[in-house]
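Below: the structure, in C-alpha cells.
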Amino acid sequence: MCGIVGYLGPLNPKDVIMQGLKKLEYRGYDSAGLAILQDGNTKLVKATGKLQALEDRIKNETWTGHVGIGHTRWATHGVPSERNAHPHKVHGITLVHNGIIENYHEIKEGLLARGAQIASDTDSELVAHLVAEEFERVKDLKTAVERVLPKLVGAFSIVVLCEQSPNELIAFKDGPPLVVGLGKNENFVASDVQALIKYTQEFIYLNDREIVKLLADKVQLFSSHGVPIERKSVTLNWSPELTEKQGFAHFMLKEIHEQPRTVATAVQTHLCGDRVVLNRVGFLDKNYFEHRDSIDVEKDWENTQRILQGIERVFIIACGTSFYAGNIAKYFIEKIAQLPVEIDIASEFRYRDPVVPKNSLVMTISQSGETADTLAAIRLAKERGATTLSLCNVKNSSIDRFADGHLYMNAGPEIGVASTKAFTATIAMLNVFALGLGQIRKTLSPDEEKNFVMSLRSVPSKMEVVLSYDKYFLAAANSLKDFRGFLFMGRGTNFPIAMEGALKLKELAYLHAEGYAAGEMKHGPIALIDERMAVVMVAPRDSYFEKTVSNIEEVKARGGYIISLGSGDDHALKRISKMYLPIPSSDWLTNPILFVIPLQLMAYHLSSVLGYDVDQPRNLAKSVTVE
Ligand code: M6R
C-alpha cells in the first residue's frame, strides 16, 4: 500500500514524479504529496483525496531543481489528512514511506523525551526525526540511514531527500517493494516498475535490508551495514501502452476485455501439441533470475518432474481473489492428480502453527507478489521444510524471488484494484498445473490430457463470446440495483466462483453479498430468502447440475429473485429463473474461467450505475503490503 517515486536528473522532477504517481495511484489514494529541492530549499506540497487534488494544487508552480520525491497514501497510522500526508519534513530531511513501523510508540516516546516536535499522527514522520538526529551527528545521509535502520521494527520502504546533501537520494527497505530505474545521467526509484517504464526499461530490484544511494550518474547498493553490493540490472520489454486505458472507460473494463488474450498467453508456454509441459519452473535453481529467459528447457522439465514426483501433499496459500482461485485448484488437483490439497488464507496459515508434513509442496498465489501475509506464509512453509512454488503475475516480486519454483500468470500489468484478468489467468495456470501433476504422477491418461488441452486451447474464443453478451449482463446489473442483499451460490468449482462474484460486488458496489456452496443453503442462508433477496446461481451443465436446479426451486418457492447462469440455451434454468444468462458450453475444468466473466461485468456495471469509483474503490489498495 502507498506508492513512492523519487527522481534525480535533468528533467523537471515535478513532471516525472506526478507521472509516476499516476501509475501508482492504485496502491493508495487517500492523499498525496511531493517534495522538490530548489536552490537548497524544499518545496513541499500535499493534498488530501485523490492525486487530482495535488495536481490542481501544483499546476501553476514553475519549480526548477533536479531532485524530488512523491507519495500517494493508503492510511495506516493517522487519518487521511494533509497533516498526515507524505512527504514528512524534519529540519532539512524529507522522506516518503510505505509500510508500518511497529515500534512506533517506543520511538515516539524516545523522541518526545529528547524534545522533538511531532507534527503528524504518522509513524513515518518519526523516521524523519530519527534520520535528522543521526544526520546532525554524522553529516552523511547514507551513514545516518545506516544508523537508523536497526532502530526500526516493521515493514517499510523509504526514500530520503536532504537539503544539506542535494545531489543524492537514499532509499532503503525491509518489506514492501522498491525498485531502482537506471537512466542516462538520471536515476529513479519507485514502488513499482509501472511508475518508471515511460522513462527506462532497466531496473535493479532491492532486497530486504539493503540501502541504495542514487546520484544522477551513479547508483550504489549497500547492505544494511554499509558493505557495497554488486547486482546486475534486469531489462524489461514492456511498452508504456500496457499501463494505459486504451479507450476503455476504466482499467477494470479494459482488463476484463483483455482476458481472452491473457488466458491464451498464460497457458501457451506450457502447451506443446496435445500435452502439457511444466517447464521453466526453475525449481531450486540459484541462478534462475539471471537466466530465466534462456533457461535450458529440457533440463528444467526433468528437474521439475523429479521434484513433483516426490510430492505427497499440496498446500495452496493466498489472500482475497487469489485465495478463491486456489480453492478451485483443490478440485482440479485432487481429481486429476489424486493428491490431497489443503487450502489456506495466508493470514491464518502464518499464525496457526501449521503441520507441514515432509514431501509437501506449498504453492502461493499472488497477483502482486508482494502481499505481506502471503510472503510471511511462504517463509514459514520453507522454514518447515516444504518445497515452495509461487504463482505470481509480477515477475521479480518479493514472493517470486523467495520461492523455490516459479510459475507466472503473464497477464500484464493489472491496474484496476479489483482483480479480474489475473484471476482468470490464475485459473488457467492452475488447470495447467493440475494436468502437469496428473501427467507426472500418471493419474491422467494421454487421451484425457489431449481433451483437456483442446479445451484449454478453445477457451479464449469462448471467452470472446461471453464478452459479446455484455448487454445481458448490463441488463442483469440494472435489475439488481435496488436489492440490498445478495447470495451467490454454486457447487464444486462454481462454489469459489460464487465467492469471487460476491467479493467483486462487495468491493466495487459496496453491497452486502455472500458466496455460498449451494449445498449449504439449507443449513442457514435459506432463512434470508424472501422477495428482497437476490440470488445469483452459477449452474453449468456439470455433474452437480440437477442438485443445483433443486436449490433454485427452493429459492423460487420462497420468493427470492433468481438470476441463473448456465451452459448454452438451458430451458430448465430459463423456466425457473427471473433472468437467465447463457454461457458457452465447456467442460468442468474450464467452466470457471467462463462463468466468472459475467460476475465481473455485473459488479462493474452495478458500481458504475451506482456512481462509484470502479478503478479505485474506497478503503482498498491494489497490493496489501502490510498485514
Ligand atoms: O496480489 P495478491 O493476489 O496477493 O492480492 C490478494 C488480494 O489482496 C486481492 O486479490 C484482493 O482481494 C483484490 N482486491 C480482489 O479484487
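The values are calculated or read from the model by the stated rules, or taken from the named source; none is laboratory data. Because the structure is predicted, anything quoted here is derived from the model rather than measured. Cβ placement follows ideal geometry from the backbone for every residue including glycine, while neighbour counts extend to all protein chains displayed.
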Of residues in segment 335-353 being at pLDDT below 95 and out of contact with any helix residue (DSSP H, G or I) (no Cβ under 7 Å at 6 or more places or on another chain), the one farthest from the ligand (Cβ to nearest atom): ASP353
Reported set for segment 362-375 where residues are at pLDDT below 95 and among the aliphatic types (A, V, I, L, M) is ALA372
From the list MET533, MET537, MET489, pick out the single residue that is modelled with pLDDT under 95, aliphatic (A, V, I, L, M), more than 24 Å from ALA411 (Cβ to Cβ) and surrounded by 16 or more Cβ atoms within 10 Å (Cβ to Cβ). MET533
Limited to segment 418-473, what total is found for residues that are surrounded by fewer than 16 Cβ atoms within 10 Å (Cβ to Cβ), among the polar types (S, T, N, Q) and assigned to a helix (DSSP H, G or I)? 4
Condition (residue is small (Gly, Ala, Ser), under 22 Å from LEU206 (Cα atoms), assigned by TED's automatic domain parsing to the domain that holds TYR331 and modelled with pLDDT of 95 or more) applied to segment 405-425: is it met by at least one residue? yes
Positions within segment 307-333 being surrounded by fewer than 18 Cβ atoms within 10 Å (Cβ to Cβ) and in contact with a helix residue (DSSP H, G or I) (Cβ under 9 Å, 6 or more places away or on another chain), in sequence order: GLN309
How many residues does segment 525-575 hold that are over 25 Å from LYS462 (Cβ atoms), touching a strand residue (DSSP E or B) at 6+ places or on another chain (Cβ under 7 Å) and part of a helix (DSSP H, G or I)? 5
LEU599: more than 16 Å from the ligand (Cβ to nearest atom), crowded, with 21+ Cβ neighbours inside 10 Å and either more than 23 Å from the chain's Cα centre (by Cα) or not assigned by TED's automatic domain parsing to the domain that holds HIS257 (or both), yes or no? no
Quick one: would you say ILE415 is part of a helix (DSSP H, G or I), within 15 Å of the ligand (Cβ to nearest atom) and of a type in the set (Val, Ile, Thr)? no
Might you check whether a residue that is among the polar types (S, T, N, Q) and in contact with a Pro (Cβ under 8 Å, 6 or more places away or on another chain) occurs anywhere in segment 468-480? no
Tell me the residue from ASN237, ASN207 that is at pLDDT below 95, under 27 Å from LEU407 (Cα atoms) and in contact with a helix residue (DSSP H, G or I) (Cβ under 9 Å, 6 or more places away or on another chain), please. ASN207
Tell me yes or no: at least one residue of segment 355-372 is crowded, with 24+ Cβ neighbours inside 10 Å, more than 10 Å from the ligand (Cβ to nearest atom), assigned by TED's automatic domain parsing to the domain that holds THR443 and of a type in the set (Ser, Thr, Tyr). no
Within segment 404-463, residues being more than 27 Å from SER607 (Cα to Cα) and among the β-branched types (Val, Ile, Thr) number 5
Hey, SER564 buried (at least 23 other Cβ atoms within 10 Å of the Cβ), among the hydroxyl-bearing types (Ser, Thr, Tyr) and either in contact (Cβ under 8 Å) with a residue 60 or more places away in the chain or away from the ligand (no atom under 16 Å from the Cβ) (or both) or not: yes
Can you name every residue in segment 464-490 that is without any contact (Cβ under 8 Å) to a residue 60 or more places away in the chain and among the basic types (Lys, Arg)? LYS471, ARG484
Regarding GLU627, is this residue surrounded by fewer than 24 Cβ atoms within 10 Å (Cβ to Cβ) and within 16 Å of the ligand (Cβ to nearest atom)? yes
Taking the criterion of being among the hydroxyl-bearing types (Ser, Thr, Tyr), under 23 Å from the mean Cα position of the chain (by Cα) and in the same structural domain as THR388 (by TED's automatic domain parsing), would at least one residue in segment 205-219 satisfy it? no
Looking at segment 259-295 only, could you name the residues that are under 24 Å from SER461 (Cα atoms) and in a helix (DSSP H, G or I)? GLN259, PRO260, ARG261, THR262, VAL263, ALA264, THR265, ALA266, VAL267, GLN268
Might you let me know whether segment 212-221 holds any residue that is part of a loop (DSSP other than H, G, I, E, B) and at pLDDT below 95? no
Kindly evaluate GLN616 against the criterion of being closer than 30 Å to PHE156 by Cβ, within 16 Å of the ligand (Cβ to nearest atom) and within 25 Å of the chain's Cα centre (by Cα). yes
Tell me yes or no: at least one residue of segment 508-524 is assigned to a helix (DSSP H, G or I), within 16 Å of the ligand (Cβ to nearest atom), surrounded by 24 or more Cβ atoms within 10 Å (Cβ to Cβ) and not β-branched (Val, Ile, Thr). yes
Taking segment 1-36 and keeping only residues that are without any contact (Cβ under 8 Å) to a residue 60 or more places away in the chain and polar (S, T, N, Q), one is left with ASN12, SER31
Near pairs, Cβ below 6 angstrom, 6+ apart or cross-chain, from segment 614-625 (within 15 Å of LEU505 (Cβ to Cβ)) to any residue that is within 8 Å of the ligand (Cβ to nearest atom) and part of a loop (DSSP other than H, G, I, E, B): PRO617/VAL417; LEU620/VAL417
